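Every number in this text was worked out from the coordinates using simple rules, so none of it is lab data. Everything numeric in this text was worked out from a predicted model, so none of it was measured. Backbone-built Cβ (ideal geometry, glycine too); neighbour counts: all protein chains shown.
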Amino acid sequence: PLYIGRTMFTRALTYFRQFEPNFWILSGGWFVSALGFALSIPFISIYFNAELGLSITEVGIFFGVMAVIRSVFQAIGGEMSDRLDRRIILIQAQAIRSIALLMLAISIAMKWGFWPISIFLTINSIVGAIFQPVANAMVSDILPASKRLDGYAITRSASNLGWAVGPAMGGFLAHQSYAVLFVIAAVITTVASIV
């Protein structure tokens, strides 16, 4: 069993070493970005319903409209990734998301109500929608064609891991304070921008 364990570890290490450091930086940034988003966003619907008194139908309509807006901005993000410096877009997108999340925290703490919260939430979603196609394009910039399929699988796994860890952390933090939840999400997203 010890030999099998060492063999598996050696094979995994060999596999991971075939990707250059820039790819791992991008994957790490993607994980942290997903973690920050997943930490807070699933709980805003609970906040809308429990704290602001919106019906489940109204919350569903809001998120439906936001999904349409997000789809439009993903297409815009794809066009931007073809015309502008991708690295700068990634950094600026995460910085703007951090500010939007911080403003969400302030809106919740100050009890500004639905409209300010929904505006900052929409800004966060728009910038996140721009981030995703640019990050996808960066994978093809960094990796040769022979490694891109594995590269996309790894970055998707990094994102999924962020979505797995984020709500678990968020559930604990939301129990303490919704505002603190968004402050922590803003800090995590700032880390993603730095990464």
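List of remarks:
- When only Cα pairs below 8 angstrom with a gap of at least 6 residues are kept, the chain shows a relative contact order of 44 percent.
- The range 1-74 and the range 98-175: distance between their alpha carbon centers, rounded to Å: 6
- Calculated P(r) of the chain - Cα pairs past 26 Å, %: 37
- Mean separation of Cα contacts under 8 Å, 6 or more apart, over the residue count of the range 92-154: relative contact order %: 34
- Net length available on complete extension from A67 to Q18 is 14.0 nm, with 0.36 nm assigned per residue and the Cα-Cα distance removed.
- A simple spin-label model places pseudo-atoms 7 Å from Cα toward Cβ; at Q176 and I25 they are separated by 3.2 nm.
- For the range 111-195, the alpha-carbon coordinates run over 52, 25, 20 Å along the three principal axes, in decreasing order.
- Pairwise inverse Cα distances across the range 30-122, averaged and inverted, put the Kirkwood hydrodynamic radius at 14.6 Å.
- Looking at the range 25-115, the GluC sites (Glu not before Pro) that sit in a DSSP loop and have at most 16 other Cβ atoms within 10 Å of their own Cβ are E51.
- With all projection directions averaged, the alpha carbon convex hull of the range 1-70 covers 8.5 nm².
- Per residue, the chain reaches -32000 deg cm²/dmol at 222 nm when only DSSP H runs of four or more residues are counted, each adding -39500 (n - 2.57).
- Top positive-direction residue, dipole computed over the chain with Cβ charges, set S40, Q18, P167: Q18
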